[in-house]
Amino acid sequence: MPNANRGAVGFQSSEFEEKYERPSKTEMKRQSDALQALGQELVEQPRDRVKRVPMPEDVRDAILECQNIKNHEGRRRQLQFVGKKMRTLTEEEVAIIQRTIEGWKGVSKADTAALHALERRREKLLADDQALTVLLAEAPELDAQHLRTLIRNARKEQAENKPPKAYREIFQILKELDAKARGAAKAAAAAEGDEDDEEGDDE
């Protein structure tokens, strides 16, 4: 007697295979979209950054070309081409690009934290006269009288809801001071590295 379930089992099997195919196509689409988004992220970065990213020359050229296009439709087409080029990359090449972008984001976070620290210092200058004494001890080259005037004016601006001209100028002074300190620290670190290299050569 024929097995009544045989045909049903066969149907279920093919149905299973059909279902099995779908996630594969979905996964391919997801990967394609992710690469397209990664290409777009590179297009939106400054050119000098893009030039430093390790990647095949044809992919970099497509990205740099896209940055030059101002026409909306032309740029959209070039972005599609960038996505196509991104899909030619190996997994290792994609991973290197992703790590590079993550590194940029880390730098951005550090920059944001530094700006917040400067904002907090400005608030302290307005709230506490002792904070100016500390600042002048750290940076004696600053014009103490000018800073006192700015702090006084910034307090007045806040009290009278005036445009924050002095308030912004204080921030710029702090920002320039911070940039000089970072530059000096970087130069010192580079000099120390050169000394270590020389000691290594002597050995």
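The values are calculated or read from the model by the stated rules, or taken from the named source; none is laboratory data. Owing to the predicted nature of the structure, the values given are computational and were not obtained by experimental measurement. Note that we place each Cβ from the backbone using ideal geometry, even for glycine, and neighbour counts take in every protein chain shown. What goes into the accessible areas is simple: the full protein's heavy atoms, side chains included, and nothing from ligands, DNA or RNA. Shrake-Rupley method; radii C 1.70, N 1.55, O 1.52, S 1.80 Å.
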TODO: For segment 96-129, enumerate the residues that are open to solvent by 30 Å² or more (accessible area, probe 1.4 Å) and closer than 18 Å to Val43 by Cα.
DONE: Ile96, Gln98, Arg99, Thr100, Glu102, Gly103, Trp104, Lys105, Ser108
- [ ] Report whether or not Thr90 is in contact with a Lys or Arg (Cβ under 9 Å, 6 or more places away or on another chain) and closer than 30 Å to Ala34 by Cβ.
- [x] no
Task: Residues satisfying the stated conditions in segment 157-185, i.e. over 17 Å from Leu142 (Cα atoms), modelled with pLDDT of 90 or more, among the charged types (D, E, K, R) and surrounded by 11 or more Cβ atoms within 10 Å (Cβ to Cβ) - done: Glu157, Lys165
TODO: Please report, ordered by residue number, the helices (runs of 4 or more DSSP H) entirely within segment 41-109 with at least 2 residues that are closer than 26 Å to Arg30 by Cβ.
DONE: 57-68, 72-86
